1. If you take the square roots of the eigenvalues of the alpha-carbon gyration tensor of region 136-186 and sort them as a ≥ b ≥ c, do you get rounded (a/c under 1.5), prolate (a/b over b/c) or oblate?
2. All other residues with a Cβ under 10 Å from the Cβ of Asn233 taken together, and with Lys, Arg as +1 and Asp, Glu as -1, what is their net charge?
3. Kindly identify the chain as rounded, prolate or oblate by the Cα gyration tensor criterion: order the square roots of the eigenvalues as a ≥ b ≥ c, call it rounded if a/c is under 1.5, otherwise compare a/b with b/c, prolate if a/b is larger, else oblate.
4. Taking neighbour counts of Cβ atoms within 10 Å as a proxy for exposure, in what order, fewest first, do Met449, Met124 appear?
5. Using the number of other C-beta atoms within 10 angstrom as an exposure proxy, rank Lys65, Lys386, Lys380 with the fewest first.
6. Where does each of 207-215, 339-347, 515-523 land if you order them by average Cβ count within 10 Å, highest first?
7. Given axes a ≥ b ≥ c from the Cα gyration tensor, I'd like to know whether region 334-425 is rounded (a/c under 1.5), prolate (a/b larger than b/c) or oblate.
8. Sum up the charges of everything whose Cβ sits under 12 Å from the Cβ of Gly249, counting Lys and Arg as +1 and Asp and Glu as -1, but leave Gly249 out.
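Values quoted throughout were computed directly from the atomic coordinates according to the rules given, and no laboratory measurement underlies them. Since the structure is predicted, the reported quantities are computational estimates derived from the model, not experimental observations. Positions of Cβ are backbone-derived with ideal geometry, glycine not excepted, and every protein chain shown enters the neighbour counts.
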Amino acid sequence: MTAPSRRRFVAQALTAGAAASLTTTGLAPAARATTPTTTAAQAHAALVTPDDPRYPALSVRGSNKRFTARPDAFCLPATTADVVRAVTDAVRRRRRIAVRSGGHCYENVVGDAAVQLVIDLAAMNAVTYDPKRRAFMVEAGAQLIDVYKSLYYGWGVTLPGGASATVGFGGHITGGGYGALSRAHGLASDHLYAIEVVVVDAAGRARAVVATREGDDPRRDLWWAHTGGGGGNFGIVTRYWFRSPHADGDDPAHLLPRPPADIISGAVIYPRDGMDQASFGRLIRNHGQWHEQHSHPTSRYTGLYSGLVLPGRLKDNDPGQSAIVFTHLDGTPGDARDLLDRYVAALTEGVAATPYITDTASEPWLTATVALAESQDTDKGRHKIKSAYLRRAFTPAQTDALHTHLNSTDHRNDSASVSIQSYGGRINTLAPDATAGAHRDSVLNVIFMNTWQDPEADAPNIDWLRRTYRDVFAATGGVPVPGRGSDGCYINYPDIDMADPSWNTSGVPWHHLYYKDNYPRLQRIKAKWDPRGVFRHTLSVRPA
């Protein structure tokens, strides 16, 4: 398999959001809008209404083409002060607000028909070093790949976030943010030092506040809520500051993780022909059991990030692949290739089907990261996604359910998949209540995803994914209830079905799946910092 083809499969795995009565107070006319490269001192917020030629493009900006935003207006702020003015005006006029950074939300938050003003942070994309706070400042509209490039070229550091070129930091960090370096360095939000948030008090006054992780900061609870508490809940984050918790000194090159010099990548590919149900189940269990055994924070394998991608059958006469395993390994240790060989041997043990094992490739970290991120964003379309944390490998009953659904042809598309990705390692060194992200003892994160292009195929494709997920977790009411084998869901892959008793028959509420025992604290913070409920959506935190 060629490197571009391998990256396409990896990308799929890592995949794994009345004008006349809206005032323009505090907002510049649309003609004065600026590009994201304009400095804050020169920029002014633009208000884009339906008669503006930019409105159609803003309506469809986002990765999930199932949803189109048609608010009364889009606000394009350039500074935090612009956001404060826009929120002040919207609250005064009782206009429903939604906020967007990268546009990668998988549910219809921005496109909700009740939303009258969308505050789009795309122009707020600066990345700088703040010597006063000894931390790196990232504006909420900055996209992942641009942040990685800026941090690496400028200071030789990075954040252990996801692998996508266009995901915005604004939403990624609030949900935790994990990726290929997380087993070695934790979640991206574990390195969050401070945030700037535009909040609204009980009197309806909007203001910007800064909250830090310092123990004596009276606003520390607001910082905590943004370390995995999800976006759109407490206010609008405009800026983040990052510094690793135990970093010392004032040399920027030592205040965040340094990525590996080289990455060794490869793939193990199984054709569907010859992969019977027994071998399919064995492969999935091998992958899961290996992670059970090698996800301790002190494991020599914290530098290995892998994913088992299980594509859906294309057509009856074109079976395609049954499984693709990708590997992303820190190539710095002298025995890195030996570690990789041992992993592949454990993965393929007892699997009767014959795989194609690609040649391993060694590339500089940034080269590999950029190529992977850019390839991921080529897969546009209409999406439905679900997630699950696993503490243990899937059971035989679960792998049988996967085999049944992935070998069916009733999903009517060529991009259905279930991806079982590495988790654990340094992520699991924190207590569940140390941050709002409570999932701190899982070893795998699973993404159930379906992508298609034809709007007429929405119903069968969504139904296929719902049935697949329901049957995999049939023993716990159709959802991954926290327990011996599973541990709930990832809030950055929001799924309204978790709040639908037709699909969640477990009796466990949606918020426990996403936040577990941290939810009551999030409710108290919500009541304190958003007492009027200005910031809300289908799966938003409800005040206590």
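1. Values: a/c = 1.58, a/b = 1.03, b/c = 1.53.
Oblate is the answer for region 136-186, as a/c is 1.5 or above yet b/c matches or exceeds a/b.
2. Working: positive: Lys526, Arg536, Arg542; negative: Asp530.
Charge balance near Asn233 sits at +2.
3. Working: a/c = 1.67, a/b = 1.41, b/c = 1.18.
Prolate shape, in that a/c is at least 1.5 and a/b is the bigger ratio.
4. So the ranking, lowest neighbour count to highest, is Met449, Met124.
5. Values: Lys65 15, Lys386 28, Lys380 12.
Fewest-to-most ranking of Lys65, Lys386, Lys380: Lys380, Lys65, Lys386.
6. Values: 207-215: 15.1, 339-347: 16.7, 515-523: 18.7.
Output ranking for 207-215, 339-347, 515-523: 515-523, 339-347, 207-215.
7. Numbers: a/c = 1.78, a/b = 1.18, b/c = 1.50.
Oblate, since a/c reaches 1.5 and b/c is not below a/b.
8. Values: positive: Arg134, Arg243; negative: Asp248, Asp250, Asp251.
Net of charged neighbours comes to -1.
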